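Visitor: There's a structure below that I have some questions on.
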Amino acid sequence: MTAVDQLAARLDAAATGRVAVGQFGADAGLDVPTAYRVQEAVVAHRLARGERLVGLKLGLTSRAKMAQMGVDEVIWGRLTDAMRVPDGGTLRLADHLHPKAEPEVAFLVEGGAVAAVAPAIEVIDSRYVDFRFTLPEVVADNTSASRFVLGAWQPVPTGIDNLGVLLEVDGRAVQIGSTAAILGDPRRALPEAVRLAGVGGVELVDGSVLLAGAATAAVALRPGTHVRVTVEKLGTASLRVAS
Ligand code: 0L1
Ligand code: MG
């Protein structure tokens, strides 16, 4: 087994066995290009179990998250059909390690362009202990991708660069932000995703979902709660959290 395959197997085992792994450390010598190869191998485990690629996500798209990681580069990960939770559906905490929800905007890609937009929730769940990782480590971990919820698709309204975003838990506002936090303007997400994923030879084929990035900080999920995201002009997406 190659070093890339070994790291991928550890991350996949952490996700399926629900036991977080420690950081790989400097000895692993992981750089960002190698980390994307690990990510591909991690997702290959999912595909081997019958999952299907349905799109991509961008991560670290806000100045706040970039500053937190000390980087100035957006990262990307892969989405599969098994990661999708229906709007209003239920997420079981037992299937996760320490999941958090963040409000996002999703794009539907057709013919290399944005065909529709939807409010979305991304559930991130690092496979590393305490959500602690370096940039290459989080890239290898498929950028913490775990689940996503899409609200209703609709034509892209004019002026989506500064829409109000609300994240509620049990009807109480816990995060308030703006789509401006997503790359300064979420419309930058598609060209960024095409550029970044293109380096790895990955394309957004027709019908792909693109999660553009978070509009606020992520919120830890608690059992028995209802999480709802509202994006001005776009509507809502929600999920229930079961134990
Ligand atoms: O989607 C994201 O912005 C998350 C990227 C990975 C960093 C994290 O897990 O917070
Ligand atoms: Mg995200």
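Readers should treat all values here as calculations from the given coordinates under stated rules, not as data from a laboratory. Just so you know, these numbers come straight off a predicted model, no measurement behind them. In this analysis, Cβ positions are derived from the backbone assuming ideal geometry, glycine residues included, and neighbour counts consider all displayed protein chains.
Visitor: Per residue of the range 139-148, in order, report the coupling 6.51 cos²θ - 1.76 cosθ + 1.60 (Karplus, θ = phi - 60°) as ³J(HN,Hα) in whole Hz, putting x for Gly and Pro.
Guide: My calculation for the range 139-148 gives 4, 4, 7, 6, 6, 6, 4, 9, 9, 8 Hz in order.
Visitor: Cα axis of helix 189-199 to longest principal axis of the chain: angle in degrees, 0 to 90, nearest 10?
Guide: 20
Visitor: Run through the DSSP bridge list for the range 1-131 and note the antiparallel percent, rounded to the nearest 5.
Guide: Of those bridges, close to 95 percent are antiparallel.
Visitor: Can you give the FRET efficiency for ALA116 and VAL19, using 1/(1 + (r/R0)^6), R0 = 30 Å, r = Cβ-Cβ distance, to the nearest 0.05?
Guide: Working from the Cβ atoms, E equals 0.20.
Visitor: Further, regarding this structure: For the range 72-137, run through the trypsin sites (Lys or Arg not before Pro) and keep only the ones in DSSP coil with at most 14 other Cβ atoms within 10 Å of their Cβ.
Guide: ARG132
Visitor: Ratio of the range 1-71's C-alpha Rg to 2.2 N^0.38 Å, to two decimals?
Guide: It is 1.24.
Visitor: Another question, if that's okay. Over all directions, what mean area does the Cα convex hull of the chain project, stated in square nanometres?
Guide: 12.0
Visitor: Can you pull the one-decimal nm distance between simple spin-label points at THR90 and ASN162, each 7 Å off the Cα toward Cβ?
Guide: Result: 4.3 nm between the two label points.
Visitor: In what sequence do GLU192, GLU168, GLU122 fall when counting other Cβ within 10 Å, fewest first?
Guide: Ascending number of Cβ neighbours within 10 Å: GLU192, GLU168, GLU122.
Visitor: Going by how many other Cβ atoms sit within 10 Å of their own, how do ILE160, ILE176 line up, fewest first?
Guide: ILE176, ILE160
Visitor: Once every DSSP H run of n ≥ 4 in the chain is given -39500 (n - 2.57) and the sum is divided by its residues, what mean residue ellipticity at 222 nm do you get, rounded to the nearest 500 deg cm²/dmol?
Guide: -7000 deg cm²/dmol
Visitor: Quickly work out the GLN68-to-ALA173 label distance, labels modelled 7 Å from Cα along the C-beta direction, and quote it in nm with one decimal.
Guide: For ALA173 paired with GLN68, the spin-label model returns 2.1 nm.
Visitor: By how many nm would the segment from TRP153 to ALA3 lengthen if fully extended, with 0.36 nm per residue of separation less the alpha-carbon distance?
Guide: Taking TRP153 through ALA3 to full extension adds about 49.9 nm, to one decimal.
Visitor: Whole-Hz ³J(HN,Hα) for each residue in the range 207-222, computed from phi via Karplus 6.51 cos²θ - 1.76 cosθ + 1.60 with θ = phi - 60°, x for glycine and proline: what do you get?
Guide: x, 5, 9, 10, 7, 7, x, 8, 8, 9, 5, 7, 10, 5, 8, 10
Visitor: A follow-up question, please. Could you tell me the calculated FRET efficiency between LYS233 and VAL32, based on Cβ-Cβ distance and R0 = 35 angstrom, to the nearest 0.05?
Guide: Result of the calculation: an efficiency of 0.45.
Visitor: What is the antiparallel percent of DSSP beta bridges lying wholly in the chain, to the nearest 5?
Guide: Just about 85 percent of them are antiparallel.
Visitor: Also, I was wondering about something else. What lysines could a cross-link reach from LYS233, if we take a straight Cα to Cα line under 24 Å and drop same-chain neighbours fewer than 8 places away?
Guide: List returned: LYS57.
Visitor: Considering the alpha-carbon set of the range 84-126 alone, what are its Rg and its Dmax in angstrom?
Guide: 13.0, 39
Visitor: Give me, ordered by chain and number, the residues 5 or more places off ALA115 or on other chains with an amide H under 5 Å from its own placed amide H.
Guide: Placed amide hydrogens put LEU108, VAL109, GLU110 under 5 Å from ALA115.
Visitor: Tell me, THR90, THR61 in order of fewest to most beta-carbon neighbours within 10 Å?
Guide: In increasing order of surrounding Cβ atoms, one gets THR90, THR61.
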